[in-house]
1. Take each of the peptides 177-190, 221-234, average the number of other beta-carbon atoms within 10 Å over its residues, and list them starting from the highest.
2. For region 304-320, just list the computed ³J(HN,Hα) in residue order, Karplus coefficients 6.51, -1.76 and 1.60, θ = phi - 60°, integers in Hz, with x standing in for Gly and Pro.
3. Going by accessible area, probe 1.4 Å, with all protein chains left in place, what is the ranking of Leu248, Leu215, largest first?
4. Suppose all protein chains stay in the model; what accessible area per residue would a 1.4 Å probe give for the chain, in Å²?
5. Hey, in the GNM for the chain with a 10 angstrom Cα cutoff, which one of Ala291, Ala239, Ala101 fluctuates hardest?
6. Using a 1.4 Å probe and counting only protein heavy atoms, arrange Thr29, Thr283 so the residue with the most accessible area comes first.
7. Within region 30-116, what whole-number % of the accessible surface is contributed by carbon and sulfur, with the 1.4 Å probe and all protein chains included in the calculation?
8. Pop out the carbon and sulfur fraction of the accessible area of region 257-414 as a percent, whole number, probe 1.4 Å.
Amino acid sequence: MTAPSSEALGSEELVWQRSAPITGVKLFTPTTIVLVLMAVVTMVLVGMRLGTGLAPFSSMTDSYAWGIWKTFNIMTLTALGSSGLAVGVFAFVFGQHRLHAVMRVSLVLSLLFYGTGLLALLADMGRPWNFYHVLIPSHWNLHSALFEIAICMPTYFVVFLLAENTPPFFEWLRKKPSWNAFAQRWQGRLVKAMPLVLAGAYLLPMMHQSSLGALMLMAGGKLHPLWQTQMLPLLYLVAAFVSGFAMLIVTLVLCCLVYRRPLDFGVLALLGKLLSYTALVFTALRLGDLALTGKLSLAFEVSGISALFWVETLFTLVPALLLAVPRVRAVPRLNFHLALLVGTASILYRFSPTTVVFHPNGYAVYFPSGAELVISGGFISLGVLFFALIIKTFSILPDSLAGARRQEHAAGLD
């Protein structure tokens, strides 16, 4: 897949101007049926785990008191679900208005990643029925990083993400005569409340993404020096922007290929440009901090840990430098593959400090059990299943209308 030549642009260029559901495809396909079965198996296992306790289902120990459901489904996948935050900030705060074409896709991704992450957190808790304590101020530990995460993440999901994702639902509801008046009334109320919704939708994820970094900061010497730094809260927040843009690019290109949707090369190039900038900022902060604190020499030791560090760094830095070149990010195929590399590096960066380079003592080892892996993968399949069903039902994916000019295409590449 490549961008058209300059001669092919002009009146024939396709630009995402509106959203539309996927039509002409079955709601349930063999793939979605497999995803349904995986999700059902996961829910059964989660139910059994809630009834019997953690021990039969998890490899967690006193030393490794958190397992893959936290370290991967929460710490890692919520970073990939930060596309709504990344797109929203750059569209509304920095005036990148062309990003409104992909706003709905980014918000659905955030909704599903955070939703499945909270389900994984439910499975991870030893006594999830005690979660109601978070609603009782007298039980709060205001000095705990986990307290802030426990407040911010559910509130962000239940209040702000759901509110941001309601416009496509109201549009679908307005097509039904008996619900038209109801949908119009509540959609109008939502429009009036949207400034407050947007403020909360930016503030809360920034707070809990940085708090996840603060949580690892508290690990102290248990975390390898190449990852342990006072900059962790800021690095985790910037990494969330990087992950969000990478995940959005990969999702858009895959959807356009699978469902034969046309591509808006200008918007994709703009996303590649923003991914490049945020990835370069992240890399500069990380390497600069290591150089200033005298830890950079550790990266040149011959070890598996240093190799992991360079995989994370080069998979972020090299694609970012390439995406900084307009001609490179103008090619959707290159945009996709480079975003995939950056997304992989961001997954490694968020997962490594919690598991791979986290050593609570000299002998403790953690590797997830088969049940943990099945449940973790099942939550991912649940998110993919709901994404497929949502884009086939509601107007989420950008649709195209012909008639844009070459200048509009070029505006996304500079």
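1. On the way: 177-190: 12.1, 221-234: 18.5.
Top of the packing list down: 221-234, 177-190.
2. x, 5, 5, 5, 4, 4, 6, 4, 4, 6, 6, 5, 9, 5, 4, x, 5
3. Values: Leu248 0, Leu215 30 Å².
In descending accessible area the options line up as Leu215, Leu248.
4. Numbers: 18840 Å² over 414 residues.
Counting only protein heavy atoms, the per-residue value for the chain is 46 Å².
5. Ala291
6. Values: Thr29 40, Thr283 10 Å².
Most to least solvent-accessible, the answer reads Thr29, Thr283.
7. Working: 2450 of 3300 Å².
Accessible surface attributable to carbon and sulfur in region 30-116 totals 74 percent.
8. Numbers: 4930 of 6940 Å².
Here carbon and sulfur together make up 71 percent of the probe-accessible area.
The values are calculated or read from the model by the stated rules, or taken from the named source; none is laboratory data. Just so you know, these numbers come straight off a predicted model, no measurement behind them. Because the Cβ atoms are built from the backbone with ideal geometry, glycine has one as well, and the counts that use them run over all protein chains shown. To get the accessible areas, we keep the full protein, side chains included, count just its heavy atoms, and leave off ligands, DNA and RNA. Shrake-Rupley method; radii C 1.70, N 1.55, O 1.52, S 1.80 Å.
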